[in-house]
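Undergrad: Sharing a structure here in structure tokens format.
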Amino acid sequence: MRHFFVTIWSSIRKSKQTNLFNLIGLSVSFASFVLLSIYLWNEFTFDQYNKNFRQVYMLELNTKENGENESNYWLPNPMADYFAENIPELSTLCSFAWGPNVYSLEKGGGEGVNISTRAVDSTFAEMFDLHMKYGGLKSLAGNDGILLSENAAKKLFGDDNPVGKTIYADFQTPYIIEGVFYNLPQNCSFQQFEAFSSFPTAAWTASWEEYSFNHYYQLPADASLSEVILKMNQSQFVKDWKKDSTDDFSFSLLPVNEQHFNKELGSGNLLFARSLVLVALLLLFMAFVNYLNFAIANAPKQRKAINVRQFLGESTKRLLMLSIGESAFIISLSFIGSIFLSAGVCYFWPDIFSYEFRLGNYVRIFVLCWVLVLVLGAIVASIQTRMNGNRSLARALDRNLPRGQQRNFTGKLLTVLQFGISIFLIISVLFVEKQVRFFKNYDLGFSKENIVIVDIPQAIQEHESAFVSELVKNNDIIDYAFSQFIPGGVGMGWGREIDGKTINFNCWPVDERYMNFMGFEIMEGRGFSENLKADENNFIMNEAALKDFGWDKQAIGKQIPGFGFSGTLIGIVKDMKYASLREEVTPLAFWLTETRHNKLSVKISGKDVSGTIAHIREVYSQFDKNHAFNYRFMDEQLDNMYKAEEKQAQLISLFSIVSILISVIGVLGLAILLSEYRIKEIGIRKVNGAKTGEIIAMLNNGFVRSVMLAFAIACPLGYYAMRKWLESFAYKTELSWWIFALAGVLALGIALLTVSFQSYRAATRNPVEALRYE
């Protein structure tokens with residue numbers, strides 16, 4: 001056994017340069033593979049922390065209008081209650097009120113802590129498998145209970161058990177703490193919430209026109225999903241609705257673990273996640289291609305030792321075990337290096353992934369990855385042994401050229417594949433970056449620069465006039481307006497029956513100044529009067545609403561039912577991109593009301609930003625000392641909507657660099673291989689008067705052809721992939737030809753820079769050394 005390891009170590013020491021390149025390439029590749037594996041594990045196991053995840057489904061209403069299918073997950077409570085009461089398999093229901101709500105929960109001594117909260121049914125803790133630190137799963141049965149996360153409890157009460165204590169939301173509404181649950185995992189759709197309160201009992205929650213709730217059902221383990229959906233669509237409620245309506249609709253159930261990749265509900269991108277699976281496998285493939293290429297390049301040196309061992313009676317099995325042992329050693333050392341590289345990436349670039357990576361939590365993934373690369377390494381070692389171990393010893397001792405040409409072709413083919421992958425990734429990252437810039441520079445239909453958004457608590461809303469009177473005393477404040485929502489959000493989901501047809505739209509409560517403040521263009525009718533009382537409870541809708549509802553400009557004057565009132569549609573505003581550019585503009589109504597002024601938009605001059613913010617903060621504290629002053633800039637908030645695309649660009653950029661690095665190492669290995677096989681040819685050409693530049697061109701010519709072939713393969717694949725990716729956006733950039741050209745030029749430049757150094761060394765070598773034994 002000792003002789004076995006000594007032989008392996010001796011073989012490794014004889015090829016220091018080759019093994020150093022192998023260690024670098026494999027370590028980088030393994031680190032990328034491990035990080036991607038952890039990221040993808042989190043993505044594909046989203047919401048699976050819940051032991052009931054295979055039985056929990058979300059209520060979904062599918063409609064078809066103007067030939068387009070739409071899914072709605074914000075639905076009225078009575079609708080969900082009907083199914084729970086009339087279909088036994090759906091009897092376990094948990095409803096979520098519209099949210100999130102950020103409450104300032106009283107910490108004590110008048111100090112408040114902002115906690116993101118959502119109202120839920122009493123079945124929530126059991127259905128979603130909360131792990132309770134204090135209290136039980138049976139909770140929130142009343143209308144004043146609240147469950148705190150471990151983090152929220154620590155912010156409010158330190159390490160004390162707070163169960164039974166009373167806290168006040170926004171220093172007004174009392175809630176009794178019924179339990180503390182351990183923090184939800186990162187890959188959970190509700191991870192953003194730090195508290196869950198009792199479901200509201202107000203009258204509006206029982207309205208059939210309030211499309212503001214999500215509903216989840218827990219089916220029995222033996223229930224058939226298809227049969228349950230059939231029962232829903234054959235229920236008397238659905239039959240009556242279809243009889244009285246011209247709407248084309250049906251109900252369905254969405255598995256809870258699929259909502260992360262649902263474009264309406266989650267932040268995940270299934271196409272991108274699947275693409276990263278391919279990237280991870282390709283990077284691993286490229287690393288082992290390099291390993292094999294270096295084995296081929298180093299074969300002439302190793303073949304003599306192998307043949308001597310064969311001559312002395314070494315068995316093929318023994319040679320194979322030595323090769324696998326050497327491979328296992330290098331791969332294990334590389335894998336250890338990859339762990340340190342992974343830790344370094346997570347430490348110095350923590351925002352590159354959407355999750356906080358604590359590598360100690362993923363030991364199982366590390367072990368699985370290590371086993372996988374060892375198996376792949378053993379396969380490559382077997383191939384290497386098969387190539388170096390020969391059937392005929394006489395043939396093995398003959399270093400004939402045809403055999404070298406065959407290996408040369410193999411190396412070139414593998415290099416074409418490597419550079420094809422690199423070019424494809426370069427094309428991808430350039431297009432993702434282009435799409436992100438397109439989003440950020442798109443004309444949204446309103447100005448977003450120099451606008452500060454301030455959260456307004458109830459205490460200030462009650463003294464709104466006095467507050468703004470103090471606010472505008474600063475000359476750097478140009479204008480202001482109040483609203484409940486701001487661009488970048490969706491708003492309240494309303495469903496109303498008008499002229500015998502149910503229409504769905506988003507609604508924004510605003511004040512009389514908001515439309516002019518934002519610069520929205522009125523296309524038909526008029527805007528809101530500056531006298532709020534003259535137009536209170538009236539509406540202005542966007543063009544998308546008219547198109548979606550099949551109305552024309554004669555719709556001006558229609559009555560829109562509200563909460564116990566009926567308002568008049570007085571104007572039509574030009575479509576503005578008030579939500580994400582991933583989606584088409586949807587119907588939106590602006591509702592003029594003197595209540596629900598949760599957000600203050602302030603337009604500032606931009607001359608003294610910090611001083612203006614300080615003034616707003618000072619006025620804010622004069623009217624409310626309890627709530628923290630929260631503000632952000634509108635342009636930054638809108639840009640944050642495209643963080644997912646920015647993350648994608650960063651990830652693709654990172655792994656494009658990795659693929660290029662691996663390709664460079666592979667090209668260097670192939671350059672060594674070629675110089676070994678053509679050393680006599682180079683020597684003869686030098687003796688016959690060939691110039692150094694001519695020899696360099698001769699050696700580089702093959703690589704140029706390889707990159708051009710890789711470019712020809714990667715371009716159509718890149719075009720198809722980017723076209724499919726861009727199809728997921730309603731507003732998209734063009735597939736510019738120059739990006740493909742730039743990717744090819746970059747790949748060619750990198751290849752030439754890499755091989756020219758080795759070509760120059762081979763071309764300037766003394767021809768006497770190459771021909772001394774000829």
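The values are calculated or read from the model by the stated rules, or taken from the named source; none is laboratory data. Here the structure is a predicted model, which is why all the values come from computation and not from measurement. Virtual Cβ from ideal backbone geometry, glycine too; neighbours counted across all protein chains shown.
Undergrad: Got a sec? Which of S675, S653 is over 30 Å from A295 (Cβ atoms), of a type in the set (S, T, N, Q) and assigned to a helix (DSSP H, G or I)?
TA: Of the residues listed, the single one that is over 30 Å from A295 (Cβ atoms), of a type in the set (S, T, N, Q) and assigned to a helix (DSSP H, G or I) is S653.
Undergrad: Okay, next question. For E543, state whether it is under 30 Å from E449 (Cβ atoms), touching a residue at least 60 places away in the same chain (Cβ under 8 Å) and not polar (S, T, N, Q).
TA: Answer is no for this residue.
Undergrad: List pairs: first residue in the stretch 459-470 and polar (S, T, N, Q), second residue surrounded by 14 or more Cβ atoms within 10 Å (Cβ to Cβ) anywhere in the structure, Cβ distance under 6 angstrom, at least six positions apart or on different chains.
TA: The qualifying pairs are Q461/H597.
Undergrad: Can I ask one more? Of the residues L276, L271, L281, which is free of Cβ contacts under 8 Å to residues at least 24 places away in the same chain, under 28 Å from the mean Cα position of the chain (by Cα) and closer than 30 Å to L26 by Cβ?
TA: L281
Per-residue answers, yes or no, for (1) closer than 20 Å to I652 by Cβ; (2) crowded, with 18+ Cβ neighbours inside 10 Å:
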{"residue": "K243", "(1), (2)": "no, no"}
{"residue": "F249", "(1), (2)": "no, no"}
{"residue": "E258", "(1), (2)": "no, no"}
{"residue": "F261", "(1), (2)": "yes, yes"}
{"residue": "G268", "(1), (2)": "yes, yes"}
{"residue": "V277", "(1), (2)": "yes, no"}
{"residue": "L282", "(1), (2)": "yes, yes"}
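Undergrad: Identify, please: which residue in the stretch 519-554 is closer than 19 Å to M576 by Cβ, out of contact with any Ser or Thr (no Cβ under 8 Å at 6 or more places or on another chain) and charged (D, E, K, R) and is, among those, surrounded by the fewest Cβ atoms within 10 Å (Cβ to Cβ)?
TA: Checked the stretch 519-554; the qualifying residue surrounded by the fewest Cβ atoms within 10 Å (Cβ to Cβ) is K553.
Undergrad: Okay, next question. The conditions are (1) more than 23 Å from M79 (Cβ to Cβ); (2) surrounded by fewer than 21 Cβ atoms within 10 Å (Cβ to Cβ); (3) of a type in the set (D, E), and E194 fails exactly one of them. Which is it?
TA: Of everything listed in (1) more than 23 Å from M79 (Cβ to Cβ); (2) surrounded by fewer than 21 Cβ atoms within 10 Å (Cβ to Cβ); (3) of a type in the set (D, E), E194 misses just condition (2).
Undergrad: Here's something else I'd like to know. Within the stretch 165-187, does at least one residue satisfy the condition of being closer than 18 Å to T123 by Cα, touching a residue at least 60 places away in the same chain (Cβ under 8 Å), in a loop (DSSP other than H, G, I, E, B) and under 33 Å from the mean Cα position of the chain (by Cα)?
TA: yes
Undergrad: Going by the structure shown, is I672 without any contact (Cβ under 8 Å) to a residue 40 or more places away in the chain, under 30 Å from L278 (Cβ atoms) and assigned by TED's automatic domain parsing to the domain that holds L752?
TA: Spelling it out, it is not the case that I672 is without any contact (Cβ under 8 Å) to a residue 40 or more places away in the chain, under 30 Å from L278 (Cβ atoms) and assigned by TED's automatic domain parsing to the domain that holds L752.
Undergrad: Out of K107, K155, I need the residue that is surrounded by fewer than 18 Cβ atoms within 10 Å (Cβ to Cβ), part of a helix (DSSP H, G or I) and either in contact with a Cys (Cβ under 9 Å, 6 or more places away or on another chain) or at pLDDT below 90 (or both). Which one?
TA: Of K107, K155, the one residue that is surrounded by fewer than 18 Cβ atoms within 10 Å (Cβ to Cβ), part of a helix (DSSP H, G or I) and either in contact with a Cys (Cβ under 9 Å, 6 or more places away or on another chain) or at pLDDT below 90 (or both) is K155.
Undergrad: Taking into account only those residues within the stretch 720-756 that are among the aromatic types (F, W, Y) and without any contact (Cβ under 8 Å) to a residue 60 or more places away in the chain, which is farthest from K434 (Cα to Cα)?
TA: Of everything passing the filter in the stretch 720-756, Y720 is farthest from K434 (Cα to Cα).
Undergrad: Out of the stretch 447-472, which residues are outside any strand (DSSP E or B), of a type in the set (D, E, K, R) and closer than 18 Å to D511 by Cα?
TA: Result: E462, E464.
Undergrad: Conditions first: (1) surrounded by 15 or more Cβ atoms within 10 Å (Cβ to Cβ); (2) at pLDDT 90 or above; (3) aliphatic (A, V, I, L, M). M492 passes all but one, so which condition is the exception?
TA: Result: M492 passes all but (2).
Undergrad: Which of the residues spanning the stretch 604-614 are on the phi < 0 side of the Ramachandran plot and surrounded by fewer than 20 Cβ atoms within 10 Å (Cβ to Cβ)?
TA: S605, K607, D608, V609, S610, G611, I613, A614
Undergrad: Against the condition assigned by TED's automatic domain parsing to the domain that holds I421, among the aromatic types (F, W, Y) and modelled with pLDDT of 80 or more, how does Y719 come out, does it pass?
TA: Against the criterion (assigned by TED's automatic domain parsing to the domain that holds I421, among the aromatic types (F, W, Y) and modelled with pLDDT of 80 or more), Y719 qualifies.
Every residue, every condition in (1) closer than 30 Å to F124 by Cβ; (2) surrounded by 15 or more Cβ atoms within 10 Å (Cβ to Cβ); (3) modelled with pLDDT of 90 or more, yes or no:
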| residue | (1), (2), (3) |
| --- | --- |
| Q17 | no, no, no |
| N22 | no, yes, no |
| S32 | no, yes, no |
| L35 | no, yes, no |
| N42 | yes, yes, no |
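Undergrad: Can I ask one more? Kindly establish whether S580 is within 22 Å of the chain's Cα centre (by Cα), assigned by TED's automatic domain parsing to the domain that holds E462 and polar (S, T, N, Q).
TA: yes
Undergrad: Hey, does the stretch 587-595 have a residue that's surrounded by fewer than 17 Cβ atoms within 10 Å (Cβ to Cβ), touching a residue at least 60 places away in the same chain (Cβ under 8 Å), within 31 Å of the chain's Cα centre (by Cα) and within 21 Å of K448 (Cα to Cα)?
TA: Looking through the stretch 587-595, none of the residues is surrounded by fewer than 17 Cβ atoms within 10 Å (Cβ to Cβ), touching a residue at least 60 places away in the same chain (Cβ under 8 Å), within 31 Å of the chain's Cα centre (by Cα) and within 21 Å of K448 (Cα to Cα).
Undergrad: Also: Tell me yes or no: at least one residue of the stretch 559-566 is in a helix (DSSP H, G or I) and at pLDDT 85 or above.
TA: For the stretch 559-566, residues in a helix (DSSP H, G or I) and at pLDDT 85 or above: absent.
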